[in-house]
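So the structure is just underneath, and the comments pick up after that.
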Amino acid sequence: MQQKNQMAKKEQAAVSDKSGEALFQRQVVFEGSVPHPDILKGYGEVNETFPERIIQIAENHAKTEDAAQRALVKGNIVSVILGQFLSFLFGIVGIAATVYLGIKGNTAGAVASSVAVIVQSVVAAIVNKKDK
């Protein structure tokens, strides 16, 4: 959309015509799930149902996006809880194996089991620290 307007002396036009009047182009940028009201009005001039349909599409998109975000958050929560539970379970089993092997007189097995529990705990702590 081109317009001819007289510009103030302080303003400089990038392009001017022979009479010294500035020529400029107006550009409007609008971001959002629904088009700018002027654009929506233009769709309404093409077909009366278009604006309502566009708004319905935007609402459906927002609902879908919201459901996807909720599922992602829920999955992350389940993953964290499951990871913590399994880490605890493996630690307890490792400690029990260490005690059992120690009682049975298998010192090498008890040491290996206790080292495995310690390494598992340290690795879990390092991974958790990197994720934060």
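Before moving on, here are some points about what is shown:
- Accessible heavy-atom area order of Leu82, Leu89, highest first, probe of 1.4 Å: Leu82, Leu89
- In sequence order, segment 45-53 has phi-based couplings of 6, 6, 8, 4, 7, 4, x, 5, 5 Hz under the Karplus curve 6.51 cos²θ - 1.76 cosθ + 1.60, θ = phi - 60°, and Gly or Pro positions carry x.
- FRET efficiency for Val34 and Arg70, using Cβ-Cβ distance with R0 set to 22 Å, rounded to 0.05: 0.50
- For a label point 7 Å along the Cα-to-beta-carbon line of Ile77, residues of segment 43-63 with backbone N under 19 Å: none
- Potential extension, Lys129-Ala108 segment - 0.36 nm per residue separation minus Cα distance: 4.4 nm
- For segment 80-97, 3J(HN,Hα) computed residue by residue from phi via the Karplus equation (6.51, -1.76, 1.60; θ = phi - 60°) reads 5, 5, 4, x, 5, 5, 5, 4, 4, 4, 5, x, 5, 4, x, 5, 4, 5 Hz, glycine and proline entered as x.
The values are calculated or read from the model by the stated rules, or taken from the named source; none is laboratory data. Since the structure is predicted, the reported quantities are computational estimates derived from the model, not experimental observations. Every residue, glycine among them, receives a Cβ derived from its backbone with ideal geometry; neighbour counts consider all protein chains shown. Surface accessibility is based on the protein's heavy atoms, side chains included, excluding ligands, DNA and RNA. Shrake-Rupley method; radii C 1.70, N 1.55, O 1.52, S 1.80 Å.
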